[in-house]
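To start, the structure under review is shown below, and the notes come after it.
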Amino acid sequence: MITGSVNLPHGMSARPARASDKDFLAKMFRENRDDIRMADNSPDYIESVIDMQLRAQEGGYGSQFPNAVYMVIEKNGTRIGRVTLDIGPVELRLVDLDFIKKVQGKGLGSSILLWLMKAAAQTKRPLLVPMRRDDITMGRFLEKYGFVEDISASDSMYARMSWFPNADEMAGITDIKPRAAMAGTV
């Protein structure tokens with residue numbers, strides 16, 4: 001379990017979420033649900049769906065991710081996002097990554113993914129990342145760095161992408177950089 005602050009690229013850090021972060025996390029969740037707001041339904045119904053999803057998230061990911069670690073991302077002491085990781089015995093899984101609108105599209109998510117890839121290589125585990133199929137930018141990034149889709153765990157909305165570190169990456173001999181995908185199983 002992660003108990004202290006972790007230094008991240010671009011002057012960011014991550015720390016375990018605290019009770020005092022609840023309002024920040026709820027506000028960010030609500031503001032970033034444009035995908036649900038595009039649905040053809042009444043505003044009241046859409047807001048009730050967002051509330052339901054927020055309550056499910058606040059309750060934790062429960063039995064699906066029993067080893068989940070919930071972290072707040074900060075930059076210069078200001079909260080800018082969240083990352084939820086599931087640290088399993090076989091794999092490292094990105095459950096959730098989100099930023100406030102003000103910092104979205106600035107490459108911070110990519111730097112978090114590279115940090116996670118390094119952590120996966122150091123612990124000799126594959127990294128699993130859920131990707132919305134309509135997120136073209138994320139898809140290009142993941143493919144560029146050698147992620148492959150695990151079709152058996154994907155669905156029509158999300159592709160489960162897997163990355164397997166190679167021997168040199170696990171030994172710390174080479175940096176994580178774009179490369180062709182490796183075969184492997186989780």
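The string of couplings for segment 123-135 from the Karplus curve (6.51, -1.76, 1.60, θ = phi - 60°) is 9, 6, 10, x, 10, 10, 9, x, 10, 5, 4, 8, 8 Hz, one whole number per residue in order, with x for Gly and Pro. Return the whole-Å distance between the Cα centroid of segment 23-77 and the Cα centroid of segment 117-186. Between the Cα centres of segment 23-77 and segment 117-186 lies a distance of 25 Å. Only helical runs count toward this figure. For the chain, summing -39,500 (n - 2.57) over DSSP H runs of n ≥ 4 and dividing by all residues gives -9500 deg cm²/dmol at 222 nm. Among 150, 155, the order by Cβ neighbours within 10 angstrom, fewest to most, reads 155, 150. Cross-link partners of residue 124 among lysines, defined as those whose alpha carbon lies under 19 angstrom from its own and excluding same-chain residues fewer than eight positions apart: 177.
When 38, 131 are sorted by how many other C-beta atoms sit within 10 angstrom of their C-beta, beginning with the fewest, the order is 38, 131.
For the Cα trace of the chain, dividing Rg by the Kirkwood Rh returns an Rg/Rh value of 0.96. Rounded to the nearest whole angstrom, the semi-axes of the ellipsoid equivalent to segment 121-186, taken from the Cα gyration tensor as √(5λ), stand at 22, 13, 8, largest first. Rg and Dmax of segment 1-49, based on Cα coordinates, read 15.9, 43 Å. For the chain, the longest principal axis of the C-alpha atoms and the axis of helix 43-58 are separated by about 50°. Applying a DSSP loop filter and a limit of 16 other Cβ atoms within 10 Å to the trypsin sites (Lys or Arg not before Pro) in segment 70-152 leaves 106, 124, 133.
Every number here is computed from the coordinates shown, using simple stated rules; none is lab data. Source: prediction; values computed, not measured. Here the Cβ is made from the backbone with ideal geometry for all residues, glycine too, and neighbour counts use every protein chain on show.
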